[in-house]
Structure formats: C-alpha cells, structure tokens
Amino acid sequence: MTPYGFLGADGRLRGFDTFEVPVRPADYDEAFTKKLLELNPIYQLPDFLSYHFDYFLSESDEGGEFLHHIEYVILPRLNTTHNTAPYSLVVEWLGIQKQLMFSQHKQQRIKFLEAAYKAACEYSPAQPLSVSINPVELGKELDMDRSTVSRIVNELVQDGHVTSTLGMKAMFVTREGTRELEGGTEPKSAVQQNFHFAQGSTSTVATGSNSVQVTNTGQGAMLNVASGGQVTQAINGAQATSLADLVEQLKQALDGEPKLESHKEDIAEELRRIDVQLQKPEPKKSILARSFETLHDLAKDGLGSATGHVVFELLQQVPHLLGAAF
C-alpha cells in the first residue's frame, strides 16, 4: 500500500488516500539492503544473514542460489554506500559459507559415488563398471532431491568419475571413479629438479612427455625456455605461457603457504582436477574455470586479500589463457 495526498498552503494534508502497486523483486532487494545497513549493532549482520540463509535452505537444497544473489545483487548495492562495515562483513560471511558449501558438495559427491559403486558391486561383483544405475532412484535412497542429484551427477560426469545418459536415466561408474574412491591417483606429471647455482637464484629443469622446460629465477626475474611444438621465451614476474605452466607456478606458490594450511586438502583436490582435465585430448573449459574460481576463493579466504600475492597475480591470467586455449 502506498499513501499519497496534497499538502495545502496551510500545511494540512488533503485528499489523503492509499493505492496498491505490484511488488517487484527489486523492492525486496532494496528492503533487504536497507535492513543490512540499519542493523545495530552491526556485528549482528552475519547472524542476520545466516538466519535468512537457514530459512532458504529449509525450502531448497541448493544454497548456491542464495549465495549468488547476495554476492551479485545485494553486495554491489552495499558497495555504493560510504559505510564500508556492512560490505566487509558480508564479504567475510560469503567466504565462510562458500567454503562450507564447497566441503559439503565434495562430501555429497563422494557419498553418492560410493553408494553407486556399492550397488553396482552387489549386482555384479565381477563387472561392476558395466552395471547401469538409476541416479534419481539412488538419490531417493540417500534422501537427496532431484536438483541435488542432477548437480552431483553433472559434477561427477565432468570429473570423469561416472558416465550418464541424457535425462539421467542411467549412470555408470568409470575406472576413474573407482580410483577416486580408492584415494585418487596423482596424474602423471613432469619430473622436476631444482638446482641452486648462486645466492638468490634458482634454475628448474622439468622434463615430461614431448616437452622440456627450463626456468631460471633470480632477483625477481624469470626466463622460460620451452621446447616442443611452440617455443615461447622471456617472461618477467609471475606470468605464464600456458595453462600447464600456470598450474605449475600455482603449485609452487601455494605449496608451503602457512596461511593456507587449513585449505590444503581442498586446494590439492582442485589442482588434481585441473591436472586431469589438462591431460585430456579435449579438456572442458567449464570445469577448469570452476576449479580456478574455487582456488581463488580458497586463496582469498586463507590469505585475506585478493591483491599483493603471487597467487592472485597468476589467477588473474586464467581468463586470457583459457580464451587462448579454447
């Protein structure tokens, strides 16, 4: 209901009445943003968001929709105000929720894959990989709704752990899926050796299938010489010539970083997923983009800033290298 009227010269309101207007989604966003800005004390903001998030989850299993709306609709509105405290608290809350959701989705994938393989082994112990599993029915047994099952199956297919028919009518566990359940196997990678020739400098020789790469670093400078189908030379700073080169530099930058110790397993999982894709004849750009985005979120959560660290300098090159590779 919206009031309206006319203010006379004597200061009295005449013709006062109300009329109804349709409520738009943007009106809810505006009201929600206003509430965040008016919270007092402001430190209640994370609890306020968690309350609404929990309510959303009681109606839907896909919390990512809520988080995306906060990040891409509400957060930009907060960023236009002079009061930076609400914006900072929302960013911090989002980082925590994303990490929790990432771990939850990972556990769901493993749980679903384990149940599928167990059912296949019970039906045909000799040839479990040839057994067709109905993912929707399996999801019901695991108390998962169809949207959750659809997300899990899509992620497992992208990772190469299962194959699925159109419409999720049938699903098969793959050999790669059984390796994942057995603890995973690291993809074959180049053999790397470091040689220290002088103070402040390091030379790295990496040999792999059909490639030799030499990296020489010292005093903040880096020179890459690669032999193979293409030769690229002369790089300064944290720059990469290819996605494979970027991943190797990322591994070195992330390895041993004490602030990322709590995310060590999740980071290793995303790097493994990227390695698997890069070894395929036709890597899937969507999987790579998703994994690099997750690495960015994990690094930002651990390091506390999206600038000033070599990890972020490397991740900024991902869009260009993805575009050049596909």
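How many of the residues making up region 249-260 are over 22 Å from Glu180 (Cα atoms) and in contact with a helix residue (DSSP H, G or I) (Cβ under 8 Å, 6 or more places away or on another chain)? It would help to see each step written out before you state the result.
Restricting attention to region 249-260, the residues satisfying the condition of being over 22 Å from Glu180 (Cα atoms) are 249-250, 252-260.
The next check asks that each one be in contact with a helix residue (DSSP H, G or I) (Cβ under 8 Å, 6 or more places away or on another chain); those that pass are 249-250, 253-254, 257, 259-260.
Number satisfying all stated conditions: 7.
Within region 42-90, being surrounded by fewer than 16 Cβ atoms within 10 Å (Cβ to Cβ), closer than 30 Å to Ile152 by Cβ and β-branched (Val, Ile, Thr) holds for one residue alone: Val73. The residue list Lys280, Lys285, Lys300 contains one member that is within 14 Å of the chain's Cα centre (by Cα), over 17 Å from Lys98 (Cβ atoms) and not aliphatic (A, V, I, L, M), which is Lys285.
Among the residues of region 30-41, those that are more than 15 Å from Glu71 (Cα to Cα) and either exposed (fewer than 15 other Cβ atoms within 10 Å of the Cβ) or among the polar types (S, T, N, Q) (or both) comprise Ala31, Lys34, Lys35, Glu38, Asn40, Pro41. If the condition is being over 20 Å from the mean Cα position of the chain (by Cα), of a type in the set (A, V, I, L, M) and assigned to a helix (DSSP H, G or I), then region 90-128 contributes Leu113, Ala115, Ala116, Ala119, Ala120. Count, please, the residues in region 250-263 that happen to be basic (Lys, Arg) and surrounded by 15 or more Cβ atoms within 10 Å (Cβ to Cβ). Residues in region 250-263 being basic (Lys, Arg) and surrounded by 15 or more Cβ atoms within 10 Å (Cβ to Cβ): 1 in total. Restrict the check to region 265-288 and report whether at least one residue is closer than 19 Å to Ala244 by Cβ, surrounded by 14 or more Cβ atoms within 10 Å (Cβ to Cβ) and small (Gly, Ala, Ser). Within region 265-288, one or more residues are closer than 19 Å to Ala244 by Cβ, surrounded by 14 or more Cβ atoms within 10 Å (Cβ to Cβ) and small (Gly, Ala, Ser). Mind listing just one residue for me: the one in region 303-326 that is within 18 Å of the chain's Cα centre (by Cα) and of a type in the set (Gly, Ala, Ser) and, of those, modelled with the highest pLDDT? Here the answer is Gly304. In the set (1) farther than 30 Å from Pro135 by Cβ; (2) loosely packed, with under 13 Cβ neighbours inside 10 Å; (3) of a type outside the set (Gly, Ala, Ser), Gln104 fails one condition alone, (1).
The values are calculated or read from the model by the stated rules, or taken from the named source; none is laboratory data. All values reported here derive from a predicted model rather than from experimental measurement. Cβ sites come from the backbone with ideal geometry, for glycine too, and all protein chains shown count toward neighbours.
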